[in-house]
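Everything below concerns the one structure shown next.
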Amino acid sequence: QVTLKESGPGILQPSQTLSLTCTFSGFSLSTYGMGVGWIRQPSGKGLEWLANIWWDDDKYYNPSLKNRLTISKDTSNNQAFLKITNVDTADTATYYCAQINYLYYFDYWGQGVMVTVSS
Amino acid sequence: DVVLTQTPSTLSATIGQSVSISCRSSQSLLDSAGNTYLYWYLQRPGQSPQLLIYLVSNLGSGVPNRFSGSGSGTDFTLKISGVEAEDLGVYYCMQATHAPLTFGSGTKLEIK
């Protein structure tokens with residue numbers, strides 16, 4: 001059974017760095033074709049893809065967030081991470097991590113973690 | 001970036017009614033290898049999105065067969081043949097043919 005769970009700071013101030021952790025089970029990020037992606041959703045709005053990391057450590061980012069994103073993984077502990085630097089109120093959202101496979105769809109999603117950026 | 005335009009933005013249906021949602025892409029989603037990376041998701045109220053359809057027309061695991069997907073190139077459709085109460089929520093199309101991966105703006109299905 002595949003499960004994913006996001007964790008994060010809850011609230012942070014503008015200009016700080018947001019650090020998110022995705023802890024998963026039921027699959028391994030060392031398995032060929034497996035990946036983890038991050039997607040966010042401001043309250044009442046649509047979905048925005050942020051980044052993917054793959055089993056071979058390939059990483060892909062949404063260029064709309066320019067150089068603010070860093071995705072990484074800890075294969076031995078079944079975790080993936082996302083850092084967003086210099087946050088602003090526009091980064092207030094629910095952040096999801098999801099398993100992505102070689103057919104490029106997000107098959108399993110976490111429950112999401114709400115992040116609020118406020119001074 | 002590829003823009004996915006979903007219509008309608010809101011849909012109201014009675015139980016048992018068949019409905020369709022359109023997703024039009026600003027670019028063809030057919031890649032040079034002949035693959036079309038177009039997917040459909042449902043986000044029920046208060047829940048995470050769940051996969052319905054992958055690669056245009058393939059039913060996700062455990063997804064009822066009243067859901068079906070079709071289309072090619074730039075025009076895609078999700079059809080629900082006989083809406084049930086549990087189908088309420090927001091439907092999103094997503095493309096992964098062109099970087100960056102993008103989602104449609106969503107179609108909210110309401111049950112009358």
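Are there any trypsin sites (Lys or Arg not before Pro) in the stretch A:1-57 that are in a DSSP loop and have at most 10 other Cβ atoms within 10 Å? List them by number.
Details: sites: A:K5, A:R40, A:K45; in loops: A:K45.
Of the trypsin sites (Lys or Arg not before Pro), not one in the loops of the stretch A:1-57 has a Cβ with at most 10 other Cβ atoms within 10 Å.
Which entries in A:K45/A:K66; B:K79/B:K112; A:K5/A:K45; A:K5/A:K59; A:K83/B:K108; A:K59/B:K108 show an alpha-carbon gap greater than 24 Å? Listed pairs above 24 Å: A:K83/B:K108; A:K59/B:K108. When the Gaussian network model of chain A links Cα atoms closer than 10 Å, the mean-square fluctuations of A:S28, A:S64, A:S19 top out at A:S64. In terms of surrounding Cβ atoms within a 10 Å radius of their Cβ, A:W38, A:W109 rank from fewest to most as A:W109, A:W38.
How do B:E86, A:E48, A:E6 line up, fewest other C-beta atoms within 10 Å first?
Details: B:E86 10, A:E48 18, A:E6 25.
In increasing order of surrounding Cβ atoms, one gets B:E86, A:E48, A:E6.
Each of B:Y39, A:Y32 was scored by other Cβ atoms within 10 Å of its Cβ. Listed from fewest to most, they are A:Y32, B:Y39. Here the dipole of chain A is about 200 debye; that uses its Cα centre as origin and unit charges on the Cβ of Lys and Arg (positive) and Asp and Glu (negative).
Rounded to the nearest 20, the size of the Cβ-charge dipole of the protein assembly as shown about its Cα centre is 300 debye, with Lys and Arg at +1 and Asp and Glu at -1. Computed across the protein assembly as shown, the Kirkwood hydrodynamic radius from all distinct Cα-Cα pairs reaches 18.1 Å.
Every number in this text was worked out from the coordinates using simple rules, so none of it is lab data. All figures in this text were calculated on a predicted structure; none of them were measured in a lab. Cβ coordinates were reconstructed from backbone atoms using ideal geometry, including for glycine residues, and neighbour counts include every protein chain displayed.
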